[in-house]
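Comments concern the structure below.
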Amino acid sequence: MKNNCNIKNIKKNHSFLEVEWSDGEKSKFNYMWLRDNCPTAHDKDSRHRMFNILKVSQDINPKKYALNEEGKLEIEWNEGNHTSYYDQEWLRKNCYTIKNKKKYVSPYQLWDSSLSKDLKSISIEHDEIINSDNGLIKWLELLHHKGIAIVKNSPVKEKSAFPVLNRISHTRETFFKTPFEVINVPKPNNSAYTAHELRNHMDLPWFENPPGYQFLHCLINNAEGGDSSAVDGFAVADYLRKNEKETFDTLVNTHLKFRDKDYTQVAHRSFYAPAISLTKDGDYNDIRFSVATMDALDCDPDKMDKVYKAHHRFGNLLHDDKFQIKFRLESGDIFSFNNRRLLHGRTAFNPNSGNRHLQGYYMDRDEIIGRLNFLQQ
Ligand code: OGA
Ligand code: ZN
């Protein structure tokens, strides 16, 4: 075995085999789990499970079990006339007893305003991503771990971000179209399509599943104003968790309401979600925050005051210079970020002083993490 660790002893229990390894670790392997994960259970191409666990009883257990001559764990089952052969290495790698003993390590590197001084650390050259998997991996790692990256020196023709984005995967379509045009227009259906200031926000919080990532490709930005800001919502949530627990708990436990019903729509979209949501490991999952599209809240009247104060406190921290970074996009930059972690904004600009045109793209979080997992293998 590659990891130099072998099965030393196996004992049968009422619902699991207890395996002792040569390094002293012990694993429990449940009988239904073992039968369900027999190496023959999956189709070799789709890798979908063809075996149907519902066809065996809950009392399935090994009639016989032993390490065979090839070193595989061989189990003859008491029903279904089937024998399974498991690689020791696979068993060790997939051992849920050992996995559950390990302390969870977050993939997220939280940051605050000090990142402003080191924007180079989150920058990556466009051509490096196009020409090498290492460049692509670096971009994906920044997106996954820091939630932010700035791609430098991209072409500045309209729609020219597609090739670099397609190095990751396909984009996510919305009714704003792909790319969406961030340019000031008369009678816009989104406040981004004006010359106004945009407070730090996420895009499309009123979707059940808002886009995981956003890419703002700067074609031209020579008007006065229009400087960018960004804040790590996970870092602000973490600050509240450590320092203002009651506010944090309110933000985790209260479903806020978001809505979109701009005048061009033939649908009214709305969704309830907490401002901070956590993963099964208690890590940060999503931030939902947008002053512009939060609906009239309708939570418990006895909680409204507490909820509004928590929202107000969170919003102020999300704009605090201790946490947010400020920078200016240049033509050829693609400001790339986790839309359910970072909030982004811009200062107002003077449309009569020059031109400002960004093209925006969305992508699902699954595409970023899935591609990174694949390339790191
Ligand atoms: C947007 C947006 C920022 C900018 O289009 O969602 O936030 O800098 N734009 O114009
Ligand atoms: Zn936006």
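Every number in this text was worked out from the coordinates using simple rules, so none of it is lab data. The structure presented is a predicted model; accordingly, all values stated were derived computationally and were not measured. Cβ coordinates were reconstructed from backbone atoms using ideal geometry, including for glycine residues, and neighbour counts include every protein chain displayed.
So here's what we get for this one:
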read-out: Lysines with Cα under 25 Å of Lys8, excluding same-chain neighbours fewer than 8 positions away; value: Lys26, Lys28, Lys63, Lys64, Lys72, Lys93, Lys99, Lys101, Lys102
read-out: Virtual spin-label span in nm between Asn166 and Asn52, 7 Å along Cα→Cβ; value: 4.1 nm
read-out: Stretch gain in nm, segment Asn222-Glu208, where the contour uses 0.36 nm per residue and the Cα spacing is subtracted; value: 1.4 nm
read-out: Efficiency of FRET between Asn352 and Gln265 - r from beta-carbon atoms, R0 30 angstrom, step 0.05; value: 0.50
read-out: Value of [θ]222 nm, deg cm²/dmol, for the chain, DSSP H segments ≥ 4, -39500 (n - 2.57) each, nearest 500; value: -6000 deg cm²/dmol
read-out: Electrostatic dipole magnitude of segment 113-376 [Cβ: Lys, Arg +1; Asp, Glu -1; Cα centre; debye, to 20]; value: 200 debye
read-out: Net length gained if the chain between Asn9 and Asn316 were fully extended (0.36 nm per residue, minus Cα distance); value: 104.6 nm
read-out: Count of lysine pairs in segment 139-293 with Cα separation under 22 Å (8 or more residues apart, or interchain); value: 9
read-out: Taking segment 148-274 and dividing mean pair separation by its residue count, relative contact order in percent (alpha carbons under 8 Å, at least six apart); value: 21 percent
read-out: Neighbour-count order for Met32, Met363, fewest beta carbons within 10 angstrom listed first; value: Met32, Met363
read-out: Extended-chain gain in nm, criterion 0.36 nm per residue less alpha-carbon gap, Leu119 and Glu18; value: 31.2 nm
read-out: Sequence-separation-based contact order of the chain, relative, with Cα cut under 8 Å and 6+ spacing, percent; value: 22 percent
read-out: Choice from Lys242, Lys117, Lys93 with maximal GNM fluctuation in the chain (Cα, 10 Å cutoff); value: Lys93
read-out: Calculated FRET efficiency for the pair Phe327/Ser191, C-beta based, R₀ 22 Å, to 0.05; value: 0.60
read-out: Residue-wise HN-Hα coupling along segment 138-153, computed from phi with Karplus coefficients 6.51, -1.76, 1.60 (Hz; x: Gly, Pro); value: 4, 4, 5, 5, 4, 5, 6, 7, 9, x, 8, 7, 10, 7, 9, 6
read-out: Spacing of the two label points (7 Å from each Cα toward its C-beta) at Ile98 and Leu67, in nm; value: 1.4 nm
read-out: Between segment 44-102 and segment 247-277, the alpha-carbon center distance in angstrom; value: 44 Å
read-out: FRET efficiency for Glu79 and Lys44, using Cβ-Cβ distance with R0 set to 22 Å, rounded to 0.05; value: 0.30
read-out: Of Phe180, Phe215, Phe289, the one that fluctuates the most in a GNM where the chain has Cα springs shorter than 10 Å; value: Phe180
read-out: Neighbour-count order for Val151, Val19, fewest beta carbons within 10 angstrom listed first; value: Val19, Val151
read-out: Choice from Pro39, Pro301, Pro210 showing the highest fluctuation, given a GNM over the chain with Cα pairs closer than 10 Å; value: Pro39
